[in-house]
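The values are calculated or read from the model by the stated rules, or taken from the named source; none is laboratory data. Because the structure is a prediction, the values reported are computed rather than measured. Ideal geometry is used to build each Cβ from the backbone, glycine not excepted, and the neighbour counts take in all protein chains shown. For the accessible areas, the whole protein counts, side chains as well, though only heavy atoms, and no ligand, DNA or RNA atoms are used. Shrake-Rupley method; radii C 1.70, N 1.55, O 1.52, S 1.80 Å.
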Amino acid sequence: MQSMEAPAVELEYGAKIVLAGPKRAGKSAIANVLAENDMDVELAMPYHATVGVRILEFARLLDERSSMEVQLWDTSGDIDAYVSAMPVYMRDAVGVILVLDPAMKKTDMDAWFTTFVEDYMLEDRQVLVLLHMGPPGTTLPSGATPRSLLPRRMAGLNAIISTLESDEARDDVQDAFEDLLRNVADVLDDMQAEEESRIIQSQQGGA
Amino acid sequence: MAYRPGSRMAPPGTAGLPPGTGVLRPPSGIVAPSAVLTNRPMTNQGVKGVRPVTQGSGRAFQDKNWYIAEVRAKTQAITAELANLSNELEAFNSSAENYGAYERKADGLASELRELQGVLADYNMLVDKMHTDTGINQILEQTAADKAKNDEERWRIDAMFTERQAREEQIRTVTTEIASIEGTIEDELNQLAPEMLAEYREAQETNDTLLDTIGRYQADLESGAYRLRSMEDALRANPLKQQAFALFNELNDARARRDELEADARDSQLSGPEEQERLLNKVKADTSEIGAMNRRIAALEEEISRGREQLDSLAREEEARQSDKYEKYLQILAKEEAIRKFIEEFPEVQAALAEDMAARETAIAELLETIGSGLARQTNLPQVEQVREKEDLLEFQRDQMGLAESTHDKLIRDKAERERDLKKLDQLDKKIERDIAALHKRIPTMRAELVKYNDIKKLQSDARKLEASLKTQRQELSLKREHLSAEVGRLEGKLNELKDALEADETYRGITNLQAKLAIYEQTNAELRDYIETKGRESDYRARLRDVGAIVADINAILVEGTKYRAPVL
């Protein structure tokens, strides 16, 4: 587990963010929105299950001065078919977006959290949960909030209820995504600081 | 009366019908004297060269009968000429008729040709359209447009025609009106008082004389103009004169300018108020003139702009009519074509893209698999030192292996050599065995000989005995040889004697001669036989006979074939 001790994240293509969640949850649609692909064309296409992974690369302006290169990994929801690909998905990943169905059982949600967050020792701020509303017409129980819908363990995560039905809804998703990117940038800064201190310590130890 | 205008009309202008110069020259009373002159016989030297025609042989005395005969002859000639002329006339008439017929025919053919040319033009256009792949719809559209244009033009022609008819009607009414007015004028004149009528007549006469004067003046004017033209031509022809003319004109201009300047100078000498008034007047006149001019210019500009606008709108309309519709049509057509193509090709394109995508997806899945397994391997790698040691070991063993391999090769080579040696040894063994066998066989005889050779003294005595016996034998034989050679010499002498006797014998000689002759005959015989044989072969006609028979048979067969296909000749 050397890579865990010294996560030498080389941002060759930017920050690697993994989109994960069950089948047909809307990961690819959200990925297209985030990558600002042509929505009209994408939405007009019939459902197509993602095979393996789709990698979308784009830059995102975080504030006036800094922008971030993002490498968005839109993974297949069929996690059982790609067990061996899990390390590939998660290698050097610095952020995870869990796209979950609000109607799911809380235990299932917990399982997704375990698989993609806990096993790879990511911090809570590196995670965004999108409780994604499916096709138009689906409703939530009245008074439902992200916090109430998620299991207790995940209540501290950033989470929103998302749809892609309107421009405002899409803007909400984008805002949440940008928040995640800022957090990720902080994490990367922390990692770098840690790395530097470690090097200094090792040199002192050597001396 | 024809040239004289009516008294009620306005006096004619100069452009009327002036009497032409030289046209009304009175005919001279002399009747073409040149015709008479040409008939007079002339010679180069004058009258003295003419010789009277002498009457040659002929009738010396001319009586009444002669004249009658002469007249008859002339009459006959005239009759013949008349007949000739009538024939000619007939021919001319018939040809004229023919000409008329031909003319009609030519007219008909020309109209037919026109029609055919029209048809040809239509066909040419059709071919052109076909070559340019013009769509039927386009042609139909153009046809409709042409038809509309034709209809419009026809309508316009109809309108013109009706207008013309209306104008003609108008002209007719005006003419009748004029006629009626003239009638009333005549009536009024008739109703006038006698003194007034007289006055009128007088005035008419004055008018006539005045018209005559006008005519004269016009003739003068014309002749003057003619002279002017001729002089101008002369002037143009002569550059010196031209220059003089130009200088003259310049002089005139300068004079006029001088006069003007002088007038100005005089004016400037006028008194103050007068001058002021004059200038004021001039200024006023100029101002009004300028105002009028400005107004006129504005009006003209307005008109020009109006006309320009009209022209622009017309041009736009024309352009729109010419290009817009057609262009749009073409665009729509192209778009439609593109859409149709897209729809046609869409399933193929979709299938190809789907296939491509599936291939990419499988590739992605495979890559994920590979990378995943690679990563899994990455997590449980051995220590570097161990690997190094193992690598060293491997290297060492590899070296060992190389050595062993080279040794192995060398051993194999050695083995082959040894095997070759072994084979040679085998062969040697066999040979030795064979030799031993042969020697074994020789052992008994050698043993026997060994016994014999052991007693050397006996052997020496035997040898001496044998030598002595051989010596005696030799002596005997040399004696015998001497005897025999003497005998041979004797017998040779005898043979020579016999030969001589035979040479001398007549019969022998005859036989020899005959033998020679016989040989010659034999030779001749052989030659003759050869000759006969060759001649016989040469004169063997049977082969030729066979050839000829075959050829005859062939010819017969050909003849039979020929007669089969040929109609029997009568």
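Odds and ends about this structure:
- Yes/no for B:D392 being more than 9 Å from chain A (Cβ to nearest Cβ), within 30 Å of A:Y47 (Cα to Cα) and not hydroxyl-bearing (S, T, Y): no
- Residue in the range B:338-345 that is surrounded by fewer than 11 Cβ atoms within 10 Å (Cβ to Cβ), under 30 Å from A:G52 (Cα atoms) and aromatic (F, W, Y) present: no
- Annotation note: of A:A20, A:A93, A:A31, A:A85, the sole residue that is more than 22 Å from A:S162 (Cα to Cα), of a type in the set (A, V, I, L, M, F, W, C) and in contact (Cβ under 8 Å) with a residue 40 or more places away in the chain is A:A93.
- Criterion violated by A:Y120 - all others in (1) surrounded by fewer than 20 Cβ atoms within 10 Å (Cβ to Cβ); (2) at pLDDT 85 or above; (3) more than 14 Å from chain B (Cβ to nearest Cβ) satisfied: (3)
Residue-wise test of (1) within 14 Å of chain B (Cβ to nearest Cβ); (2) touching a helix residue (DSSP H, G or I) at 6+ places or on another chain (Cβ under 8 Å); (3) modelled with pLDDT of 80 or more.
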| site | (1), (2), (3) |
| --- | --- |
| A:P46 | yes, no, no |
| A:G52 | yes, yes, yes |
| A:I55 | yes, no, yes |
| A:S66 | no, yes, no |
| A:E69 | no, no, yes |
| A:W73 | yes, yes, yes |
| A:I79 | yes, yes, yes |
| A:M90 | yes, yes, yes |
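- Selection of the range B:149-164 for residues being β-branched (V, I, T) and open to solvent by less than 100 Å² (accessible area, probe 1.4 Å) yields only B:T162.
- In the range B:334-389, residue nearest to the chain's Cα centre (by Cα) [restricted to those that are within 9 Å of chain A (Cβ to nearest Cβ) and charged (D, E, K, R)]: B:R360
- Test result for B:L189, assigned to a helix (DSSP H, G or I) and open to solvent by 80 Å² or more (accessible area, probe 1.4 Å): no
- Any chance B:L333 is of a type in the set (A, V, I, L, M), in contact (Cβ under 8 Å) with a residue 60 or more places away in the chain and surrounded by 10 or more Cβ atoms within 10 Å (Cβ to Cβ): yes
For every residue, the table says whether it meets (1) under 30 Å from B:A144 (Cβ atoms); (2) open to solvent by 60 Å² or more (accessible area, probe 1.4 Å); (3) not assigned by the TED database to the domain that holds B:N137.
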position: B:R229; (1), (2), (3): no, yes, yes
position: B:A254; (1), (2), (3): no, no, yes
position: B:E260; (1), (2), (3): no, yes, yes
position: B:E318; (1), (2), (3): yes, yes, yes
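- Boolean, B:I157 is of a type in the set (A, V, I, L, M), part of a helix (DSSP H, G or I) and either in the same structural domain as B:D324 (by the TED database) or touching a helix residue (DSSP H, G or I) at 6+ places or on another chain (Cβ under 8 Å) (or both): no
- Lone qualifier among B:Y508, B:Y521, B:Y531 - being in contact with a helix residue (DSSP H, G or I) (Cβ under 8 Å, 6 or more places away or on another chain) and in a helix (DSSP H, G or I): B:Y508
- Residues that are surrounded by 10 or more Cβ atoms within 10 Å (Cβ to Cβ) and not in a helix (DSSP H, G or I) within the range B:112-137 comprise B:T134, B:G135, listed in sequence order.
- Residue within the range B:44-58 that is modelled with pLDDT under 50 and either of a type in the set (V, I, T) or surrounded by fewer than 10 Cβ atoms within 10 Å (Cβ to Cβ) (or both) present: no
- Test for A:R152: is it open to solvent by 50 Å² or more (accessible area, probe 1.4 Å), of a type in the set (D, E, K, R) and in contact with a helix residue (DSSP H, G or I) (Cβ under 7 Å, 6 or more places away or on another chain): no
- As for the range A:94-117, it holds no residue that is within 14 Å of chain B (Cβ to nearest Cβ) and among the polar types (S, T, N, Q).
- Per the listing B:L211, B:L235, B:L221, B:L140, the residue uniquely farther than 30 Å from B:L126 by Cβ, assigned to a helix (DSSP H, G or I) and without any contact (Cβ under 8 Å) to a residue 24 or more places away in the chain is B:L235.
- Condition met for B:R420 (open to solvent by 100 Å² or more (accessible area, probe 1.4 Å) and more than 30 Å from A:D92 (Cβ to Cβ)): yes
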